[in-house]
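The structure appears right after this line, and notes come after that.
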């Protein structure tokens with residue numbers, strides 16, 4: 001059976017000895033006559049619970065409570081006082097005291113207060129253990145050696161302890177902002193609730209409100225007959241990740257601000273006010289401060305979304321993470337595609353370390369996936385990733401922008417047939433994908449991010 005430890009801080013010897021004698025058979029009790037002495041011990045060997053007298057000589061109980069909470073915010077403290085001084089008791093409770101007991105102390109009442117407090121500790125420990133076991137299977141993680149990412153992970157672990165404080169993640173495309181949002185969710189008290197993602201840039205501005213807040217039946221033309229719950233409701237008691245939050249319309253921003261301030265919202269087409277508790281984690285790769293200056297993003301929403309702000313460095317700013325990430329993706333995709341890759345060649349490692357990453361981790365991930373698909377193994381070579389092919393030195397993984405010409409397209413005075421130009425563009429990529437995949441349609445389809453049926457249709461249509 002687990003024995004809980006208890007520190008008793010009481011200046012009156014008779015009371016101190018009496019309580020110690022009464023409780024020592026149930027708990028490991030250490031008694032102190034002064035707060036200063038007890039604080040020294042709390043720093044080095046924190047107990048499960050503290051019984052603290054308010055009216056101490058020297059450092060009084062209120063100041064001692066404040067010091068204890070600075071050291072260990074979650075430590076449970078029960079105050080004892082010789083008289084019911086409401087102002088003093090209120091001050092103690094505001095500072096985080098768990099409970100208080102009046103003198104003269106009745107041991108039955110004190111035991112009940114202690115048992116209630118220790119039950120809270122037991123439940124906390126059970127939840128923490130449950131969360132740790134849950135995270136073993138669900139925790140998103142970063143493959144990183146850099147101090148920058150290690151610092152971010154430590155920071156978000158602390159920030160995640162709140163269940164509802166909004167968090168804003170800033171960083172370039174492909175740096176792993178959604179992964180950080182997931183890490184926040186699974187480290188928070190909401191970890192067993194849903195994690196929902198809404199990409200604000202992927203939804204037309206006129207539909208974003210109905211997607212975010214839901215709508216009632218008949219709210220607009222094309223609405224589902226029974227109405228629809230929005231993402232905020234779907235994420236109740238969990239986390240809603242708003243990706244590319246900078247793309248929200250000003251009207252949607254106003255409604256999101258209202259929800260952040262009081263948890264209230266209305267479905268589109270409904271007069272009924274709803275109240276939901278969920279944490280909002282948002283992200284953007286845009287310069288939000290510049291958007292505020294030009295009036296396309298609300299100042300008050302920015303400060304409300306960014307109660308806690310996380311800046312994610314680009315891969316170019318943390319190059320020591322490139323090789324560990326590449327090796328991780330090599331194992332990941334080797335397993336996925338049932339191919340035996342054991343290492344990355346020296347020339348490929350050098351190229352990866354020197355490469356300028358436009359698409360960040362996403363670009364690196366796509367580059368390694370392409371190499372595993374194309375390469376024969378067991379060593380991933382430069383040419384497998386398309387980085388060592390004659391005339392192809394500028395390839396940047398599978399990031400779409402890397403395959404497009406940098407210069408503006410030439411349009412003759414008489415104009416062009418755009419549909420025909422797009423067909424020719426698609427035809428060239430399908431032919432190239434088949435070449436890389438050595439004629440294997442399934443592999444070629446994966447290289448282009450298409451399903452097999454669509455690829456076969458396009459191949460028949462264009463080749």
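Pick out the one residue from 87, 103, 94 that is touching a residue at least 60 places away in the same chain (Cβ under 8 Å) and either buried (at least 16 other Cβ atoms within 10 Å of the Cβ) or farther than 18 Å from residue 6 by Cβ (or both).
Values: 87 fails: touching a residue at least 60 places away in the same chain (Cβ under 8 Å); 94 fails: touching a residue at least 60 places away in the same chain (Cβ under 8 Å).
Exactly one of 87, 103, 94 is touching a residue at least 60 places away in the same chain (Cβ under 8 Å) and either buried (at least 16 other Cβ atoms within 10 Å of the Cβ) or farther than 18 Å from residue 6 by Cβ (or both), namely 103.
Can you pull out the residues in segment 168-192 that are assigned to a helix (DSSP H, G or I) and either farther than 12 Å from residue 312 by Cβ or at pLDDT below 85 (or both)?
Initially, segment 168-192 is screened for residues assigned to a helix (DSSP H, G or I), giving 177-186.
Hits for segment 168-192 are 182, 184, 185, 186.
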Within segment 20-37, residues under 15 Å from residue 77 (Cβ atoms) and part of a helix (DSSP H, G or I) come out as 35
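What about residue 211, is it at negative phi, crowded, with 18+ Cβ neighbours inside 10 Å, in the same structural domain as residue 279 (by TED's automatic domain parsing) and assigned to a helix (DSSP H, G or I)?
On the way: at negative phi: yes; crowded, with 18+ Cβ neighbours inside 10 Å: yes; in the same structural domain as residue 279 (by TED's automatic domain parsing): yes; assigned to a helix (DSSP H, G or I): yes.
Yes; evaluated as a whole, the condition is true for this residue.
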Of the residues in segment 11-41, those that are buried (at least 20 other Cβ atoms within 10 Å of the Cβ) and out of contact with any helix residue (DSSP H, G or I) (no Cβ under 6 Å at 6 or more places or on another chain) come to 19, 38
So, first residue in contact (Cβ under 8 Å) with a residue 12 or more places away in the chain and not assigned by TED's automatic domain parsing to the domain that holds residue 302 in segment 163-176, second residue surrounded by fewer than 22 Cβ atoms within 10 Å (Cβ to Cβ) and assigned to a loop (DSSP other than H, G, I, E, B), Cβ within less than 7 Å, six or more apart or across chains; the pairs are none
Residue count, segment 251-274, condition closer than 22 Å to residue 296 by Cβ and free of Cβ contacts under 8 Å to residues at least 12 places away in the same chain, comes to 1
request  = Report yes if some residue within segment 291-310 is in contact with a strand residue (DSSP E or B) (Cβ under 6 Å, 6 or more places away or on another chain), under 28 Å from residue 352 (Cβ atoms) and exposed (fewer than 14 other Cβ atoms within 10 Å of the Cβ); otherwise report no.
outcome  = no
If we keep only residues of segment 291-339 that are in contact with a helix residue (DSSP H, G or I) (Cβ under 9 Å, 6 or more places away or on another chain) and assigned to a strand (DSSP E or B), then the residue farthest from residue 258 (Cα to Cα) is 311
Within segment 59-80, the count of residues that are under 21 Å from residue 120 (Cβ atoms) and surrounded by 13 or more Cβ atoms within 10 Å (Cβ to Cβ) comes to 13
Within segment 275-320, residues being more than 20 Å from residue 205 (Cβ to Cβ), free of Cβ contacts under 8 Å to residues at least 60 places away in the same chain and under 21 Å from the mean Cα position of the chain (by Cα) number 2
Selection over segment 113-167 where residues are modelled with pLDDT under 80, part of a helix (DSSP H, G or I) and in contact with a helix residue (DSSP H, G or I) (Cβ under 9 Å, 6 or more places away or on another chain) yields a count of 4
Picking from 56, 8, the residue that is at pLDDT 95 or above, surrounded by 14 or more Cβ atoms within 10 Å (Cβ to Cβ) and under 15 Å from residue 78 (Cα atoms) would be 8
Among 40, 74, 11, the single one that is in a loop (DSSP other than H, G, I, E, B) and either without any contact (Cβ under 8 Å) to a residue 24 or more places away in the chain or over 30 Å from residue 159 (Cα atoms) (or both) is 11
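The values are calculated or read from the model by the stated rules, or taken from the named source; none is laboratory data. From a predicted model like this one, the values you see are computed outputs, not experimental measurements. Using ideal geometry, Cβ is built from the backbone for each residue, glycine included, and neighbour counts are taken over all protein chains shown.
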